[in-house]
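Asks: Sharing a structure below in structure tokens format, with a few things to ask.
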Amino acid sequence: MPLAEAVTLALARAGLHVEVDAPLGRRVSWRVGGPADGLVLAHDTAALQAVQRVAAAHALPVLPLGAGSNLLVADAGVRGLVVPLGGALADTEVEDDVVVAGAGLRLVALLARASRAGWAGLEGLAGIPGTVGGAVRMNAGTSLGEVGDRLLWVEIVHRGGAVERLEAGALGLAYRTCHLPPGAIVARAALRTDGDAERSAVAMRDFLARRKATQPLDQPSCGSTFRNPPGDAAGRLIEAAGLKGLSVGGAQVSPKHANFLVNTGGATARDLASLVAEVQARVFAHAGVWLHPEVEVVGDWGPEGCPISLSAPRPG
Ligand SMILES: Cc1cc2nc3c(=O)[nH]c(=O)nc-3n(C[C@H](O)[C@H](O)[C@H](O)COP(=O)(O)OP(=O)(O)OC[C@H]3O[C@@H](n4cnc5c(N)ncnc54)[C@H](O)[C@@H]3O)c2cc1C
């Protein structure tokens, strides 16, 4: 849908350029999905405030975009504004053993800086191809730890443009869960970096080698598609239901790791969503467990809607 000229003008007055009808497929790790009505890079907190102010004034939805490594974007794209962060919002500052990282910074870049500077304790972020903002939003983590173990506070920009600092304790952090205020965008996050840097580096090296051996990292995916249900592993349940290799169009349950749904080339967002729904139904029929997606489904799925369901079918 075309953006109203008044929106483009208001953003231009704030010094911001909007790319209209901006393709998103190349910005997300599944490599599917249609365009954003408008894409605006926020290069500092003031720019993010301006985007939030203009969007609120024109009743436009805003989707903050990190590395797109946990997003299923609809084939028809995303209405409103999509906002990646960069510039000063991808920088780091250090105060004693606390690193304050811009939300647009890639975790791999954060870990590279950590390794050069001898900061420890961030090993739980190794191998996660997201940004700091996306990692906070998802409380991303691995068997070595998660964001919530290290997070002290976040600076957010509310819809409307107000800036607020929230302590980590206010975010309801739990397994892949973080309750940000509705419409808020993380601008910066403060992480504790104490600990033994040498031990941290060894743990990350071993962990990354194990991942490479067990995950299809050479194919487009969103990592683990489903959350692990309490006391079990989604991958184990999918494999036990005999679904490795199951395909819909160009989307496939990876033969290497059953919780990875991969784009074998030419998949559409609807292929992936249909495969997610098929896996949910078949695992439920086989084991009586409803798998909840870990990936975030966004965009315009049209009158049919997205086939993925967030809850199990009601009996009868
Ligand atoms: C190969 C592979 C391996 C993976 N392994 C892991 C793993 O081990 N552990 C794990 O937890 N995840 C893993 N993931 C999933 C993904 O990398 C994480 O969920 C990551 O935190 C997403 O970050 P992102 O920047 O890509 O966010 P995006 O995918 O861009 O966005 C995800 C959500 O965060 C929101 N968001 C993004 N930035 C902000 C911001 N600044 N403020 C507010 N909201 C924001 C988006 O709007 C969206 O709702 C993996 C993915 C891949 C492809």
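The values are calculated or read from the model by the stated rules, or taken from the named source; none is laboratory data. Note that the coordinates shown come from a computational prediction; the quantities given were computed from them, not determined experimentally. When we count neighbours, we look across all protein chains shown, and the Cβ atoms used for this are built from the backbone with ideal geometry, even at glycine. Protein only, heavy atoms only, side chains kept; ligands, DNA and RNA dropped before computing areas. Shrake-Rupley method; radii C 1.70, N 1.55, O 1.52, S 1.80 Å.
Asks: Confirm whether Ala140 is more than 11 Å from the ligand (Cβ to nearest atom), over 17 Å from Ala42 (Cβ atoms), among the aliphatic types (A, V, I, L, M) and crowded, with 17+ Cβ neighbours inside 10 Å.
Replies: Working: more than 11 Å from the ligand (Cβ to nearest atom): no; over 17 Å from Ala42 (Cβ atoms): yes; among the aliphatic types (A, V, I, L, M): yes; crowded, with 17+ Cβ neighbours inside 10 Å: yes.
So Ala140 fails the test.
Asks: Would you pick out the residues in segment 172-184 that are of a type in the set (A, V, I, L, M, F, W, C) and open to solvent by less than 40 Å² (accessible area, probe 1.4 Å)?
Replies: Step one: list which residues in segment 172-184 are of a type in the set (A, V, I, L, M, F, W, C), which gives 173-174, 178, 180, 184.
Across segment 172-184, the qualifying residues are Cys178, Leu180, Ala184.
Asks: While we're on this one: Within segment 98-153, track down each residue that is in contact with a strand residue (DSSP E or B) (Cβ under 9 Å, 6 or more places away or on another chain) and among the polar types (S, T, N, Q).
Replies: Thr131, Asn139
Asks: To continue, here is another question. Residues Glu239, Glu304: which one is outside the structural domain of Gly66 (by TED's automatic domain parsing) and in contact (Cβ under 8 Å) with a residue 12 or more places away in the chain? Before the answer, list the steps.
Replies: Numbers: Glu304 fails: in contact (Cβ under 8 Å) with a residue 12 or more places away in the chain.
That would be Glu239, the only listed residue that is outside the structural domain of Gly66 (by TED's automatic domain parsing) and in contact (Cβ under 8 Å) with a residue 12 or more places away in the chain.
To keep it simple, each residue is scored yes or no on (1) within 16 Å of Leu105 (Cβ to Cβ); (2) assigned to a helix (DSSP H, G or I); (3) open to solvent by 40 Å² or more (accessible area, probe 1.4 Å); (4) in contact with a Ser or Thr (Cβ under 6 Å, 6 or more places away or on another chain).
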| position | (1), (2), (3), (4) |
| --- | --- |
| Arg116 | yes, yes, yes, no |
| Trp119 | yes, no, yes, yes |
| Pro129 | yes, no, yes, yes |
| Ala135 | yes, yes, no, no |
| Asp149 | no, yes, yes, no |
| Arg165 | no, no, yes, no |
| Ala170 | no, yes, yes, no |
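Asks: Among the residues of segment 261-311, count how many are assigned to a loop (DSSP other than H, G, I, E, B) and farther than 15 Å from Asn228 by Cα. Show your work before the answer.
Replies: First, the residues of segment 261-311 that are assigned to a loop (DSSP other than H, G, I, E, B): 264-268, 288-292, 294-295, 299-311.
Among the residues that remain, those that are also farther than 15 Å from Asn228 by Cα are: 264-268, 299-309.
Of the residues in segment 261-311, 16 are assigned to a loop (DSSP other than H, G, I, E, B) and farther than 15 Å from Asn228 by Cα.
Asks: Just to verify a result, which residue in segment 185-233, among those that are acidic (Asp, Glu) and in a helix (DSSP H, G or I), is surrounded by the fewest Cβ atoms within 10 Å (Cβ to Cβ)?
Replies: As a first pass, look at segment 185-233 and keep what is acidic (Asp, Glu): 194, 196, 198, 206, 218, 232.
Pick out the ones that are also in a helix (DSSP H, G or I) and you get 198, 206.
Values: Glu198: 10, Asp206: 12.
Of everything passing the filter in segment 185-233, Glu198 is surrounded by the fewest Cβ atoms within 10 Å (Cβ to Cβ).
Asks: Also, I was wondering about something else. Conditions first: (1) touching a Ser or Thr at 6+ places or on another chain (Cβ under 7 Å); (2) closer than 24 Å to Ala269 by Cα; (3) within 12 Å of the ligand (Cβ to nearest atom). Gly249 passes all but one, so which condition is the exception?
Replies: In the conditions (1) touching a Ser or Thr at 6+ places or on another chain (Cβ under 7 Å); (2) closer than 24 Å to Ala269 by Cα; (3) within 12 Å of the ligand (Cβ to nearest atom), Gly249 misses (3) alone.
Asks: Restricting the first residue to segment 172-191 and requiring it to be more than 26 Å from Asp44 (Cα to Cα), which pairs with a second residue that is of a type in the set (Asp, Glu) meet a Cβ separation below 7 Å and a spacing of at least six or different chains?
Replies: Arg176/Glu294
Asks: In segment 45-76, how many are assigned to a loop (DSSP other than H, G, I, E, B) and either open to solvent by 50 Å² or more (accessible area, probe 1.4 Å) or of a type in the set (Gly, Ala, Ser) (or both)? Before you say what the answer is, go through the steps one by one.
Replies: Of the residues in segment 45-76, the ones assigned to a loop (DSSP other than H, G, I, E, B) are 58-61, 66-70, 74-76.
Next cut, either open to solvent by 50 Å² or more (accessible area, probe 1.4 Å) or of a type in the set (Gly, Ala, Ser) (or both) only: 58-59, 61, 66-69, 74-76.
Looking only at that region, the number is 10.
Asks: Of the residues that sit in segment 151-162 and are within 13 Å of the ligand (Cβ to nearest atom) and not in a loop (DSSP other than H, G, I, E, B), which one is surrounded by the most Cβ atoms within 10 Å (Cβ to Cβ)?
Replies: Within segment 151-162, the match that is surrounded by the most Cβ atoms within 10 Å (Cβ to Cβ) is Val157.
Asks: What are the pairs with Cβ atoms under 9 angstrom where one residue, in segment 269-293, is of a type in the set (Phe, Trp, Tyr) and the other, located anywhere, is part of a helix (DSSP H, G or I) and crowded, with 21+ Cβ neighbours inside 10 Å? Sequence gap at least six, or different chains.
Replies: Trp290/Gln280; Trp290/Val283
Asks: Is it the case that segment 111-130 has a residue that's more than 12 Å from the ligand (Cβ to nearest atom), more than 24 Å from Ala168 (Cβ to Cβ) and in contact with an Asp or Glu (Cβ under 7 Å, 6 or more places away or on another chain)?
Replies: no
Asks: Restricted to segment 6-29, and to residues that are within 16 Å of the ligand (Cβ to nearest atom) and open to solvent by 50 Å² or more (accessible area, probe 1.4 Å), which residue is farthest from the chain's Cα centre (by Cα)? First the steps, then the outcome.
Replies: Filtering segment 6-29 down to residues within 16 Å of the ligand (Cβ to nearest atom) leaves 22-29.
With open to solvent by 50 Å² or more (accessible area, probe 1.4 Å) added as a condition, the list becomes 23, 26-27.
On the way: Pro23: 18, Arg26: 15, Arg27: 12 Å.
Ranking the qualifying residues of segment 6-29, first place goes to Pro23.
Asks: Shifting gears a bit: Which one is most open to solvent (accessible area, probe 1.4 Å), of the residues in segment 81-98 that are away from the ligand (no atom under 12 Å from the Cβ) and not β-branched (Val, Ile, Thr)? Give the derivation first.
Replies: Step one: of segment 81-98, the residues away from the ligand (no atom under 12 Å from the Cβ) are 87-88, 91-98.
Cutting the leftovers down to not β-branched (Val, Ile, Thr) gives us 87-88, 91, 93, 95-97.
Values: Gly87: 50, Ala88: 54, Asp91: 83, Glu93: 94, Glu95: 108, Asp96: 151, Asp97: 68 Å².
For segment 81-98, the residue satisfying everything is Asp96.
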